[in-house]
Amino acid sequence: DTGVSQDPRHKITKRGQNVTFRCDPISEHNRLYWYRQTLGQGPEFLTYFQNEAQLEKSRLLSDRFSAERPKGSFSTLEIQRTEQGDSAMYLCASSLPRRLGETQYFGPGTRLLVL
Amino acid sequence: AQSVAQPEDQVNVAEGNPLTVKCTYSVSGNPYLFWYVQYPNRGLQFLLKYITGDNLVKGSYGFEAEFNKSQTSFHLKKPSALVSDSALYFCAVRARAGNMLTFGGGTRLMVKP
């Protein structure tokens, strides 16, 4: 399978714990995005990398959230001191820059439940 | 700020009938527009996009969408619905100068046999 992969697919944690998610983009894609999707809503943008540089962050990305892409390949999203409101599906997408309208391809997501 | 509205939470259609899922958008300048489909407990799957040129865009699985600049709409259509088309559909917009996608709230399509 050459698509975007995410690990784990499901995570249950207790409030106050830290969690980390991993995303592996499509191999030649140098752009990587994180989105969050809560139940019944569309995905919301969190952050974006081009290679290893984090170029854009949403105000949704509080100081408890941190994302990295150290070698410009896979990325991690860490949530510290989780809260029940963090329960959501975390989606990763990747793309290859095009002059016009590149397509973002999404992974299967990591579903987080904070108890 | 950019935004997308999908006015229908759910669309019901009989198998074999045409379907339309509505989307309107707001963005500065000319948009890039996308449709994605989501099956239960899965990520988003790309269907089609409008970049420039012909207002009628054809995509995967027989879906098409029509870009209407004056009405700021990008409705998804299919001439003959299948039961397997039942899923959650998301419209998204991207400004030409930006990178982030802004999604609508989604429309659940139910195709009944």
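Can you report the number of residues in the stretch B:82-103 which are crowded, with 16+ Cβ neighbours inside 10 Å, closer than 15 Å to B:L47 by Cα and of a type in the set (G, A, S)?
3
Consider the stretch B:3-34. How many of its residues are in a loop (DSSP other than H, G, I, E, B), away from chain A (no Cβ under 14 Å) and either touching a Phe, Trp or Tyr at 6+ places or on another chain (Cβ under 8 Å) or closer than 19 Å to B:R94 by Cα (or both)?
The number of residues fulfilling the criteria is 2.
In the stretch B:17-33, which residues are at pLDDT 95 or above and either touching a Leu at 6+ places or on another chain (Cβ under 6 Å) or loosely packed, with under 12 Cβ neighbours inside 10 Å (or both)?
B:P18, B:V21
Failed condition for B:I51, given (1) closer than 14 Å to B:Q6 by Cβ; (2) crowded, with 16+ Cβ neighbours inside 10 Å, with all others met?
(1)
Would you point out which residue out of B:V37, B:V57, B:V83, B:V111 is over 26 Å from A:T47 (Cα atoms), within 13 Å of chain A (Cβ to nearest Cβ) and touching an Asp or Glu at 6+ places or on another chain (Cβ under 9 Å)?
Residue meeting the stated conditions: B:V57.
Yes or no: B:T52 under 16 Å from B:T24 (Cβ atoms) and β-branched (V, I, T)?
On the way: under 16 Å from B:T24 (Cβ atoms): no; β-branched (V, I, T): yes.
For B:T52, the condition - under 16 Å from B:T24 (Cβ atoms) and β-branched (V, I, T) - is not met.
Working only within the stretch A:11-46, note down all residues that are surrounded by 21 or more Cβ atoms within 10 Å (Cβ to Cβ), under 14 Å from the mean Cα position of the chain (by Cα) and not in a strand (DSSP E or B).
Answer for the stretch A:11-46, where residues must be surrounded by 21 or more Cβ atoms within 10 Å (Cβ to Cβ), under 14 Å from the mean Cα position of the chain (by Cα) and not in a strand (DSSP E or B): A:P25, A:P43.
Would you check if A:F65 is closer than 28 Å to A:K14 by Cα, touching an Asp or Glu at 6+ places or on another chain (Cβ under 6 Å), aromatic (F, W, Y) and surrounded by 14 or more Cβ atoms within 10 Å (Cβ to Cβ)?
no
Have a look at A:L91, A:L32, A:L61 and point out the one that is in contact with a Leu (Cβ under 8 Å, 6 or more places away or on another chain), touching a residue at least 24 places away in the same chain (Cβ under 8 Å) and closer than 21 Å to B:F103 by Cβ. Steps first, answer last, please.
Numbers: A:L32 fails: in contact with a Leu (Cβ under 8 Å, 6 or more places away or on another chain); A:L61 fails: touching a residue at least 24 places away in the same chain (Cβ under 8 Å).
When all the criteria are applied, what remains is A:L91.
Residue pairs, Cβ under 8 Å, 6 or more apart or interchain, first in the stretch B:44-67 and in a strand (DSSP E or B), second of a type in the set (F, W, Y) and surrounded by fewer than 18 Cβ atoms within 10 Å (Cβ to Cβ). List them.
B:Q45/B:Y39; B:L47/B:Y61
Surrounded by 13 or more Cβ atoms within 10 Å (Cβ to Cβ) and either free of Cβ contacts under 8 Å to residues at least 60 places away in the same chain or within 30 Å of B:Q10 (Cβ to Cβ) (or both): which single residue out of A:E52, A:E78, A:E102 fits that description? Spell out the reasoning first.
Details: A:E78 fails: either free of Cβ contacts under 8 Å to residues at least 60 places away in the same chain or within 30 Å of B:Q10 (Cβ to Cβ) (or both); A:E102 fails: either free of Cβ contacts under 8 Å to residues at least 60 places away in the same chain or within 30 Å of B:Q10 (Cβ to Cβ) (or both).
It is A:E52.
The values are calculated or read from the model by the stated rules, or taken from the named source; none is laboratory data. The shown structure was predicted, so the numbers you read here are calculated from the model rather than taken from an experiment. So basically every Cβ, Gly included, is an ideal-geometry build from the backbone, and we count neighbours across all protein chains shown.
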